[in-house]
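The next block holds one structure in the form of structure tokens; read it before the comments.
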Amino acid sequence: MQQAIALHLIRNSEVLEQMAITRIQPLSAHLSAAPTTTEPAAENNEKQVVYTVWMKSLVLSGHGCTIYGQDGRVAYRVDNYACSRSREVYVMDSDGKTLIKLLKKNFGVFKAWKGYSYRDGPAAAGLAEQESSQQPWFSVRKAHGVLKKMEQGRGQHGSRAVATVCSISGKVYRIDGVARKSEYRIIGPDGEVVAEMKRKQTESGVVLGEDVLSLTVGPAADRLLVVGLVVVCGLLGRCI
């Protein structure tokens, strides 16, 4: 009897979660098998892309987020399963292939998230070995209080985080917005807005919950880099 009740509750939970997914992204194409496609390189992006970001994992009782493409299919996902506030997070494609590994690093009172790119890297089994000989792709840290006050004094939005691309160029991105709020912008090295996160609205103008967001990525931006920064923002805001 107890086993039957447990199975009934699990099925009800799965049905309710599927109903929630349908409301967030009406097109149910992500439920069927789809051919694997490769994300275009940043230099080949010719138009802006709008993603739907659901700050929930597709795994029952899991922690993470799910990012849907304009075609309604799952483009990226983060599943930490039953572990919240993890110090090691993986950004995957719809097939479960690791694209970015995120590690939380502590330097005294300062904390940062470092992202390692596996866009063209090995399977998950070789991540630890490659990480030891690979420099991070990017590093994200919270903006310091002094920097926030200086920007607010100039009439600018306070930066919630600063991201540095760990390459020869050393490009610096700024994430502008109020801490722990769902809406923010990612500002590129030249001051241009490369991506913007807003609450998602339906066609009739109804604003959905704070965990359902719309991510607009500019045509010149590296989409995977933006996705990595968005996931780190969720980790900083304790949404993942």
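The values are calculated or read from the model by the stated rules, or taken from the named source; none is laboratory data. On a predicted model such as this, the values are computed, not experimentally measured, just so you know. Cβ atoms come from the backbone with ideal geometry, glycine included; neighbour counts cover every protein chain shown. These accessible areas exclude ligands, DNA and RNA; they are computed on the full protein's heavy atoms, side chains included. Shrake-Rupley method; radii C 1.70, N 1.55, O 1.52, S 1.80 Å.
Miscellaneous remarks
- Cα-based reach from Lys97 at 21 Å (exclusive), listing lysines while leaving out same-chain residues under 8 positions away: Lys56, Lys114
- Highest mean packing first, where packing is the average number of other Cβ atoms within 10 Å per residue, the peptides 62-69, 87-94, 197-204 line up as 62-69, 87-94, 197-204.
- Net length available on complete extension from Gln201 to Val50 is 53.1 nm, with 0.36 nm assigned per residue and the Cα-Cα distance removed.
- Separation of the alpha carbons by more than 18 angstrom is noted, of Lys142/Lys181; Lys104/Lys142; Lys47/Lys181, for Lys47/Lys181.
- Theoretical FRET efficiency, 1/(1+(r/R0)^6), r = Cβ-Cβ of Glu88 and Leu60, R0 35 Å, to 0.05: 0.95
- Here the label points at Leu208 and Arg119, each 7 Å from Cα along the C-beta direction, are separated by 2.6 nm in the simple model.
- The heavy atoms of Thr164 offer some 50 square angstrom of accessible surface to a 1.4 angstrom probe.
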